[in-house]
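Asks: Okay, handing you the structure first.
Read the figures in this text as sums done on the coordinates, not as results from a lab. This is a predicted model, so every value here is computed, not measured. Neighbour counts run over all protein chains shown; Cβ positions are idealised from the backbone, glycine included.
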Amino acid sequence: MVDCIECGGELSLYDDIEAGEILDCSTCGAELEVLEVDPVEVDKAPELQQDWGE
Amino acid sequence: MVDCIECGGELSLYDDIEAGEILDCSTCGAELEVLEVDPVEVDKAPELQQDWGE
Amino acid sequence: MGYTASVVGASGFAGGELCRLLVEHPAVELVQATSRKKENRTLGHAHPNLRDVDLRFSTPEDLASVDLLFAATPHGVSMAEIDRFRDAAGTVVDLSADFRLPEVGLYEEYYDGHSRPELLESAVYGLPELNREALPGADLVAAGGCNATASILGLLPLVVDILDGDEQVVVDVKVGSSEGGTGGGDAASHPERSGVVRPYAPAGHRHEAEIAAYLGLDVAFSAHAVDMVRGASATCHVFPDEPVSEADLWQAYRERYEDEPFVDLVAGGSGVYRYPEPKSVAGTNRAEVGFALDQSSERVVVISALDNVMKGAAGQAVHAANVALGIEETAGLDARGLHPVGSP
Amino acid sequence: MGYTASVVGASGFAGGELCRLLVEHPAVELVQATSRKKENRTLGHAHPNLRDVDLRFSTPEDLASVDLLFAATPHGVSMAEIDRFRDAAGTVVDLSADFRLPEVGLYEEYYDGHSRPELLESAVYGLPELNREALPGADLVAAGGCNATASILGLLPLVVDILDGDEQVVVDVKVGSSEGGTGGGDAASHPERSGVVRPYAPAGHRHEAEIAAYLGLDVAFSAHAVDMVRGASATCHVFPDEPVSEADLWQAYRERYEDEPFVDLVAGGSGVYRYPEPKSVAGTNRAEVGFALDQSSERVVVISALDNVMKGAAGQAVHAANVALGIEETAGLDARGLHPVGSP
Amino acid sequence: MGYTASVVGASGFAGGELCRLLVEHPAVELVQATSRKKENRTLGHAHPNLRDVDLRFSTPEDLASVDLLFAATPHGVSMAEIDRFRDAAGTVVDLSADFRLPEVGLYEEYYDGHSRPELLESAVYGLPELNREALPGADLVAAGGCNATASILGLLPLVVDILDGDEQVVVDVKVGSSEGGTGGGDAASHPERSGVVRPYAPAGHRHEAEIAAYLGLDVAFSAHAVDMVRGASATCHVFPDEPVSEADLWQAYRERYEDEPFVDLVAGGSGVYRYPEPKSVAGTNRAEVGFALDQSSERVVVISALDNVMKGAAGQAVHAANVALGIEETAGLDARGLHPVGSP
Amino acid sequence: MGYTASVVGASGFAGGELCRLLVEHPAVELVQATSRKKENRTLGHAHPNLRDVDLRFSTPEDLASVDLLFAATPHGVSMAEIDRFRDAAGTVVDLSADFRLPEVGLYEEYYDGHSRPELLESAVYGLPELNREALPGADLVAAGGCNATASILGLLPLVVDILDGDEQVVVDVKVGSSEGGTGGGDAASHPERSGVVRPYAPAGHRHEAEIAAYLGLDVAFSAHAVDMVRGASATCHVFPDEPVSEADLWQAYRERYEDEPFVDLVAGGSGVYRYPEPKSVAGTNRAEVGFALDQSSERVVVISALDNVMKGAAGQAVHAANVALGIEETAGLDARGLHPVGSP
Ligand SMILES: NC(=O)c1ccc[n+]([C@@H]2O[C@H](COP(=O)([O-])OP(=O)(O)OC[C@H]3O[C@@H](n4cnc5c(N)ncnc54)[C@H](OP(=O)(O)O)[C@@H]3O)[C@@H](O)[C@H]2O)c1
Ligand SMILES: NC(=O)c1ccc[n+]([C@@H]2O[C@H](COP(=O)([O-])OP(=O)(O)OC[C@H]3O[C@@H](n4cnc5c(N)ncnc54)[C@H](OP(=O)(O)O)[C@@H]3O)[C@@H](O)[C@H]2O)c1
Ligand SMILES: NC(=O)c1ccc[n+]([C@@H]2O[C@H](COP(=O)([O-])OP(=O)(O)OC[C@H]3O[C@@H](n4cnc5c(N)ncnc54)[C@H](OP(=O)(O)O)[C@@H]3O)[C@@H](O)[C@H]2O)c1
Ligand SMILES: NC(=O)c1ccc[n+]([C@@H]2O[C@H](COP(=O)([O-])OP(=O)(O)OC[C@H]3O[C@@H](n4cnc5c(N)ncnc54)[C@H](OP(=O)(O)O)[C@@H]3O)[C@@H](O)[C@H]2O)c1
Ligand SMILES: [Zn+2]
Ligand SMILES: [Zn+2]
């Protein structure tokens, strides 16, 4: 278990998680990159600007 | 318990039902007039034409 | 929690609805939900109503071994993947059209052919109101199409009790935008799709084949897109050879549907809601069925309404799975509709 | 500015639309607009699009002497007031059903009878596409009903060229909420009326009489309320005795409508808008008509779409008045539709 | 089934929703539902989603003796009838504004005065997130207003942790048509109410009083009607005296709402649903709360969304009753939202 | 027919609207309409309301030599193509943001930089109500953004007459789906976009820069998507340093807008339409502006409403071109709105 570095919420993970994968936080939606897996360490992923509807 | 004379569905009644009251059938929506109460007997109520939205 | 289940195509509309149903199902546990494009993301990323569910999309390449697999993928995927699906699960419920029609000839006429015709015979059509007896123990179930389901439920009592099968029947359907799935293109964009009464496939619709196959009745079918998200409403204009009475109709419909847990008769009366309406059943597995009789033209007008994503897809699939596995039929499917409600 | 005009019932939807058309009409001047409930208020009080118009509602008790009087009042008012209307104006165009049907018997069957049956024969049905020759000089014009207009425009070329009149025809109509007028009651409230596909009068609709009277064709008619404000769309399912070809159909429709200023043929093709849709013609006096052919069932599916308040009411009434008075037919009626547009 | 309950005003929107919740509530039995206009009719006559419920409306003149009475009547009725309500039930939960404000002065300023001011002090404001400790054992509960609830839930963590109370706060609310109840009049008719962004009470709204009373914060409030049926969304523009960071905000919001069963934090990220939206929570008792930080202007933009008939009325009332009676807080309130969904 | 014109980006929403306006414009002839994807197709293929127009899309590679070129292309295209545009036409009106801001620094802050900064100074901001004097003879006009236009029109009289420029101003905007153009992606699909109150860019919106640049006022801006297709409504919450009176406000607004052909003051009164509403002006080049005064909080609430595709884009562009070329200002722009109307 690891906390989201954006909002502090608990991140749900899965078993075969690998470094480099991108996860989203279910609270704040932040896109997080998996840096290390044992223990899991994440950082904010480089942002993909998605401009919808503007 | 009495059946609706329009659709044959079971009519829900209530305790202090009185002759002359109007009931609706929950299946077909028919408006029924209570003719007798013991036992309950109903007939179709004189129709109130409700023309909605036309 | 007797059974484990997977949903393939879980990021779609029907797949998302399956997940919603399964996470609350008393006898089933959702263990896998696939999406290729949203792999590793939470279910809530695609479906905001599932933000609390602790599960991430995984790839359909690696299928977990489960009791029950739902395939909510576009037409063609299930035929291609059916062996992998059956290896992964003892019971497969397919929501696509791939195994719905009983004969390969119909696929050749209405679709682009079929790559696994040998499976058509053993696949069981998943509409319990029509096919309840055939479902227990089925290992390949094909849930009915939403428009076909609305039409079949409306016409079934007539076919059983009143019609010969050679009568003229027109089925005029109105559907919401979720029927097109998540990837609708230009025509599905909000500016183009709002406020429409848009005929699509006014003639020659594929659902005619499904209706004919299961009712033994040729219908003249047309579908129209209207401004709602969920919902399908079928108005069936039926011209019996002999005049029928309201009493005949009530008897036929009551007999057929009295004991059905998910079919409600709604016809006439007073008030605002006199006939079946999709918004009354949106979000539920219920179908409403009603009728009116046109004296002069000796026509029966049958109206049926359902939620295309529920009774027309995910709800029907879970219902069929319940029957197939011997679970209580209504398990996980007892949600009630809302009032008032806009266009859910 | 040759002609002066009054609108009785100007606070209603059809009446407001008449005012909108007349204040821009090159050959007509609007001099009176009545409302009992809004007497002395500005037109803009009821109709925000008319805020700049310098006219106030006046009582229908005192009718100005004008050339042209439009009655946009509920069924029954025109029959009661017709003498006063004709005293006030040389030409009366009635938008209600009061003078639409050619025979008193039909009023007795479909309505509550008629108090001025002797006028029915001389009243001229106001749909120019059907009745252009009879309109010049007419002093009592009865504009067609909106659903009947949509149905008649869809079926007319078939009736003229292809059908005998004894064929099975189903007309399945979808309409917007403005059809109910301003005083709709509970069922017309936004929470109840939003998102619906609501059958109303699924059988035995009054418009059947109007269609039968003017097309000589019995149709099995059903109407459904859908979520739009303006618009009526009719899908006519027609079963000709003999098979017809697409070429036959194109010829019949082109011949009939080629020179019609307000009817557009729209059928097939690619893109988002392939068939008639009410939102394409909303706010205009145009009707779109198209068709599709169903080989297997030998059915012609005709689709027509119009704006119920315009081509189905006020626009048709002005069109008929133009023809009756010998004004350029399209005067005041050349507005173009919008794209994109929601549900106008 | 520990408790019996009545709903006064059960034919209305909030009352119908109470009935929907109570017929499924595991610890409460609905025994009476009143309507004067629909006396003797089935609940399904007014609420199509309750057609299967075996109960008829009865007159509010004869109140059954129950444990719990919900009053879902217009402003003014509860003050007039409160003694009869309290005679009938040990616990009264009022959904109107009658007992919401703590001081009679506020009723004199914002409403038409109060006939039972002596009860205001003992009435308990029913929003559990604000007032959970005061609810157990309360015998008169006043559920919060829907717009006030949305605003309070959005601002509460800021008020507790970050603001002084003298900051500039603008609350700009967008609401659906069900907020107006069943008897909306002309402005609530579908043609007039569709597609609007309609300011109503842009200044001086009554909900300002409720927000000020319970948050100790003066807000500048405006409400707008938009085209949905259920839903209220508040955008609060807050200008803290000192700059705040995203981390400060997350901490304040998480601390306050982490353990709240009915409040979800939703803020930012990717995908379609990044911030609170009423359609995600429609039909549920959930509120979504989120925020964004505007560096340049040193503004916090807080967004909250809920279903006005549920968390903003009936759901909150049942939640408060659960707490008042010591029932499991979430009992009867665990419905999940839908996706996709139009405008429920 | 003094002037010839081209529209680049004619298959888009703003470009289609330009075509609609130009084919009816009394002093301009549309000679070219470009689309790369729909090259050689009729205008009616993209825009059903233009089916009668005898013109086909051509490639933007070959620009005809005309008097007037409208560029209705996405951000970035005009900067890249400006030399070709100016070679093709003496007057270029750009609808994108490319030449709207007066300084390159703002492009670096809010956009991705600018490739032709030297043109910014000579480009003329195209909102006639703000900049009428600068337009005659302009050869590069940058039409204002739709949200900025709504905000500027609402605030301009206050800025001119009442405010210092350092007041707190919150601008809360609600917009329709056509603002996103034709290529909206997932979030713009009908199932996801229907029924929303969806915050997008709640903080840090690009339109803040445009408003600040032209009003000299920093505003705290947030925009929300709501369920309509056309329309933008801005609610500006303004806190003047000194209390103002209703009379001050009326004077400021009347003075500024009395003679403006396309701005209507709408504030208060009775009836259904009391304040500005986008649906009242949909399809027109009109803006409605109104206000309410909040005594207690010393806040002015200004509301403005317009059609984003018209006054917020194509209509404003044609208006600006009329002024630039010395044509009658209102030429081609006199369409009136509709009533009733849903969500056009
Ligand atoms: N919508 C309805 O009302 C309705 C009603 C009745 C039946 N159905 C049937 O249900 C099925 C799904 O419909 P829908 O509306 O939910 O469609 P949808 O929203 O487009 O969803 C399709 C799903 O399938 C996945 N998918 C697509 N290609 C795939 C492949 N080759 N392998 C694995 N997964 C694939 C997609 O996710 P990824 O691409 O990310 O993997 C997505 O999750 C269709 O067969 C449809 O006919 C739908
Ligand atoms: N709406 C449509 O789509 C449509 C289409 C085709 C035909 N029509 C026909 O057009 C007519 C008007 O329809 P509508 O939808 O515009 O109805 P509406 O909105 O209800 O308007 C009715 C108008 O008639 C006035 N009125 C009512 N009773 C009157 C009386 N006794 N004497 C004088 N004025 C009276 C009303 O104003 P006051 O009560 O203030 O006087 C109001 O201005 C109807 O006959 C309808 O069938 C309507
Ligand atoms: N709608 C919302 O979103 C919302 C949100 C928060 C709070 N509320 C509050 O909840 C209450 C009800 O609102 P609503 O929207 O449900 O209103 P509604 O739809 O108009 O319903 C009002 C109900 O009260 C009954 N009623 C009216 N006068 C009565 C009287 N004198 N005695 C007994 N019953 C009476 C009506 O039925 P009969 O006339 O047939 O008896 C009806 O059942 C209001 O106080 C409202 O402020 C509503
Ligand atoms: N929609 C509004 O409410 C609104 C309001 C104010 C301002 N605007 C501005 O108006 C412009 C157009 O907006 P819209 O909503 O109409 O967008 P849209 O619907 O997406 O249309 C864009 C048009 O530009 C064309 N196009 C795209 N890339 C091009 C290129 N590289 N060269 C030439 N043509 C190209 C497209 O056609 P092909 O790709 O087929 O060539 C299409 O015709 C934008 O700058 C927008 O910011 C729009
Ligand atoms: Zn997070
Ligand atoms: Zn019955």
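Asks: Quick one: with label points 7 Å out along Cα→Cβ, list the inter-copy distances for C:R132 in nm, shortest first?
Replies: 4.5, 6.1, 7.6
Asks: Quick one: among C:Q168, C:Q251, C:Q295, which has the greatest mean-square fluctuation in a GNM of chain C with alpha-carbon springs under 10 angstrom?
Replies: Of C:Q168, C:Q251, C:Q295, the Gaussian network model singles out C:Q295 as fluctuating most.
Asks: Sticking with this structure for a sec: Report Rg(Cα)/(2.2 N^0.38 Å) for the stretch C:131-198, keeping two decimals.
Replies: 1.56
Asks: Pop out the ³J(HN,Hα) list for the stretch F:226-235 in order, Karplus 6.51 cos²θ - 1.76 cosθ + 1.60 with θ = phi - 60°, rounded to Hz; leave Gly and Pro as x.
Replies: 3J(HN,Hα) across the stretch F:226-235, in whole Hz: 10, 7, 8, 9, 9, x, 9, 10, 10, 9.
Asks: How are the Cα pair distances of the stretch D:214-344 distributed, in percent, across 10 Å bins from 0?
Replies: It works out to 12, 37, 36, 15, 1, in whole percents.
Asks: Using only the alpha-carbon atoms, how far is helix E:246-257 inclined from the longest principal axis of chain E? Give it as 0 to 90 degrees, nearest 10.
Replies: 20
Asks: When a footprinting reagent is the concern and you count Cβ atoms within 10 Å, what order do D:T34, E:T182 take, fewest first?
Replies: Listing D:T34, E:T182 from fewest to most nearby Cβ atoms yields E:T182, D:T34.
Asks: Further question on the same structure: Any lysines with Cα under 25 Å of the F:K37 Cα? List them, leaving off those in the same chain fewer than 8 positions away.
Replies: Output for F:K37: D:K279.
Asks: What 222 nm value per residue comes from the helices of chain C, counting each DSSP H run with n ≥ 4 as -39,500 (n - 2.57) and dividing by all residues, nearest 500 deg cm²/dmol?
Replies: Using -39500 (n - 2.57) per qualifying helix, the result is -7500 deg cm²/dmol.
Asks: Right, another one. Would you compute, for the Cα atoms of the stretch C:272-344, the largest minus smallest coordinate along each principal axis and list the three values in descending order, in whole Å?
Replies: 48, 29, 16
Asks: Let me ask another. Rounded to two decimal places and with Rh computed the Kirkwood way over Cα pairs, what is Rg over Rh for the stretch A:2-44?
Replies: Rg/Rh: 0.91.
Asks: Taking the radius of gyration and the Kirkwood hydrodynamic radius from Cα positions alone, what is the Rg/Rh ratio for the stretch F:174-269, to two decimal places?
Replies: Ratio value, two decimals: 1.04.
Asks: Would you mind computing the Rg to Rh ratio of chain F from its alpha-carbon coordinates, Kirkwood style for Rh?
Replies: 0.96
Asks: Going by how many other Cβ atoms sit within 10 Å of their own, how do C:E210, D:E118, B:E31 line up, fewest first?
Replies: Listing C:E210, D:E118, B:E31 from fewest to most nearby Cβ atoms yields D:E118, B:E31, C:E210.
Asks: Let me ask you something else. Rg and Dmax in Å for the stretch C:1-125, alpha carbons only: what are they?
Replies: Every Cα atom of the stretch C:1-125 included, Rg and Dmax give 14.8, 46 Å.
Asks: What residue in chain E has the Cβ closest to the axis turning E into D, and how close is it in whole Å?
Replies: Closest Cβ on chain E to the axis mapping it onto D, in Å: E:H190, 3.
Asks: If we count other beta carbons within 10 Å of each Cβ, what is the order of F:Y111, D:Y107, fewest first?
Replies: Arranged by neighbour count, lowest to highest, F:Y111, D:Y107 become F:Y111, D:Y107.
Asks: How about the stretch E:30-100: which GluC sites (Glu not before Pro) there are in a DSSP loop, with at most 16 other Cβ atoms within 10 Å of their Cβ?
Replies: Sparse-neighbourhood loop GluC sites (Glu not before Pro): E:E39, E:E61.
Asks: From other protein chains only, count the Cβ atoms within 10 Å of every residue's Cβ in C:328-339, then give the mean.
Replies: 5
Asks: So what is log10(I(q)/I(0)) for the stretch C:76-169 at q = 0.11, 0.16 1/Å, when the Debye sum runs over its Cα atoms only?
Replies: Values returned for q = 0.11, 0.16 Å⁻¹ are -0.36, -0.73.
Asks: Starting from a label point 7 Å past Cα on the Cβ side, list the distances from C:G113 to the same position in the other copies, nm, shortest first.
Replies: Label point to label point, same position, other copies: 5.4, 7.2, 8.7 nm.
Asks: Quick one: which of D:238-250, D:190-202 comes out on top by average Cβ neighbours within 10 Å, and what's the full order, highest first?
Replies: Output ranking for D:238-250, D:190-202: D:190-202, D:238-250.
Asks: Say a label goes 7 Å from Cα toward Cβ at C:A201 in every copy; what distances in nm does this one have to the rest, shortest first?
Replies: Ordered by increasing distance: 3.3, 4.0, 5.0 nm.
Asks: Take every residue in peptide E:20-27, count the Cβ atoms of other chains within 10 Å of its Cβ, and give the average of those counts.
Replies: 1
Asks: If you don't mind, another one. Just to be sure I understand the model, the point goes 7 Å from the Cα along the line to the Cβ. What's the resulting A:I5 to D:A80 distance in nm?
Replies: Result for the modelled spin labels: 7.8 nm.
Asks: Give the Debye-formula value of log10 I(q)/I(0) at each listed q (0.05, 0.06, 0.07 Å⁻¹), with one equal scatterer per alpha carbon of the protein assembly as shown, two decimals each.
Replies: So the normalised log intensities work out to -0.38, -0.56, -0.78.
Asks: Hey, what do the phi angles of the stretch E:274-287 turn into as Karplus ³J(HN,Hα) couplings, whole Hz, using 6.51/-1.76/1.60 and θ = phi - 60°, x for Gly and Pro?
Replies: Result, ordered by residue: 9, 10, x, 9, x, 5, 5, 10, 4, x, 10, 8, 8, 10 Hz.
Asks: Using only alpha carbon positions, build the gyration tensor of the stretch D:147-306, then give the equivalent ellipsoid semi-axes as the square roots of 5 times its eigenvalues, largest first, whole angstrom.
Replies: Calculated on Cα positions only, the semi-axes equal 27, 18, 14 Å.
Asks: Still on this structure: Counting only other chains, what is the mean number of Cβ atoms within 10 angstrom of the Cβ of each residue in peptide F:301-307?
Replies: Rounded to a whole number, the mean comes out at 3.
Asks: Okay, next question. Taking amide H positions as placed in the peptide plane 1.01 Å from N, state which residues far from F:V124 in sequence (5 or more) or on other chains have amide H under 5 Å from it.
Replies: The answer is F:L140, F:V141, F:A142.
Asks: If you count the DSSP beta bridges with both ends in the stretch F:147-306, what percent of them are antiparallel, to the nearest 5?
Replies: 75
Asks: Lys/Arg Cβ at +1, Asp/Glu Cβ at -1, dipole of the stretch B:2-44 taken about the Cα centre: which of B:L13, B:C25, B:V2 is farthest positive-ward?
Replies: B:C25
Asks: Right, next: Once phi is turned into θ = phi - 60°, what whole-Hz ³J(HN,Hα) does the Karplus curve with 6.51, -1.76 and 1.60 give for every residue of the stretch E:149-156, x standing for Gly and Pro?
Replies: Rounded to whole hertz, the list is 4, 4, 5, 5, 5, x, 8, 3.
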